[in-house]
């Protein structure tokens, strides 16, 4: 259905604020009044897009499970079906908190059922020794996150890093099954990067400049966490202020309005990603270990409320042109750092032969989903998640 397709594209590329009924009606060439035949309001539009995406994934997973018997082959077919050029684009679950409580409960229930079904598939594979031992529920959520990340990300960066859908989709399938390591039986020995340099700084209480920077960083950290957890549209300045125990005026005085706050959160995220990229670059050891350590710390950072970088998941096309240009330049710098390390790993034979740009395009999707599932896992699972994500990227699913 053309209306649903356009609504989904609008959600993925421009975010909820630019997926209004007026925007959709203009793009599909019908009156706004005519859209009320399909949607009650904007919340219903978002809800229906999310429902359709859940139903798509559940249907394709069921098909994969019924058509094949081997767990890795079932996962591969599920991913293939979801990323097929013939499959309608599906909406990434970026802002569930925008929905009414009853709608949100419905969507989260559908996602939980999907995750449980995929985890059951993985558990069956582990029992039959078709899948290496892993935390099936965490890995299932990661696979859903990867599938959700890749389609909008390809459209997001295709003109910047010159990747086709097919290149990314094929490498995603290979990475999920085989990982990036050339020798999957080699011991995993990387020491995780410390998060201390990324945490809120110790404040020199008599230095007004340092105090101002610390206040701004605390505001950006709180805002980034809530934006990741709920989505920017569903997060108000009042909520951010309440989380910090301050007034909204303090946010205005130290950062600015909500749009300025989002821009500064983007910039903070890039600083964090570049810091991690530089440490990966300087890592002494095989490049597969360096990239595994990077994946580990990216996942760990995303689960830390005082660090979690704002994830540029959807809505980037709606940002001001100068901000898009700044973000693109930063992404290009990051891409070059990671590609250089990845290609070094291929040359030293610690990383298998593959398309570095396409594989690395999948890496953010490995960790971007974590805040959305924060409440679905207990403290022990959250502590285990970074290692599981790094091992999935390094080793894939197949037994060693």
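Throughout, read-outs are computed from the coordinates displayed, never taken from laboratory work. As the structure is a computational prediction, the values presented were derived from the model and not from experiment. Heads up, the Cβs are rebuilt from the backbone with ideal geometry, glycines too, and the neighbour counts pull from every protein chain shown.
Numbers below:
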read-out	value
Sum of -39500 (n - 2.57) over DSSP H runs of 4+, divided by residues of the chain (222 nm, nearest 500)	-22500 deg cm²/dmol
Alpha-carbon centroids, region 163-194 and region 264-278: separation in whole Å	23
Distance (nanometres) between label positions extended 7 Å along Cα→Cβ at residue 62 and residue 355	3.3
Distance from region 375-390 to region 100-133 (C-alpha centre basis), Å	15
Within a Gaussian network of the chain (alpha carbon springs, distance under 10 Å), most fluctuating of 331, 359, 297	331
Fewest-first sequence of 106, 175 by Cβ atoms within 10 Å of each Cβ	106, 175
Förster radius 51 Å - calculated FRET efficiency between residue 113 and residue 329 (Cβ-Cβ, nearest 0.05)	0.80
Cα-derived Rg over Rh, computed across region 2-147 with Rh taken as Kirkwood radius	1.05
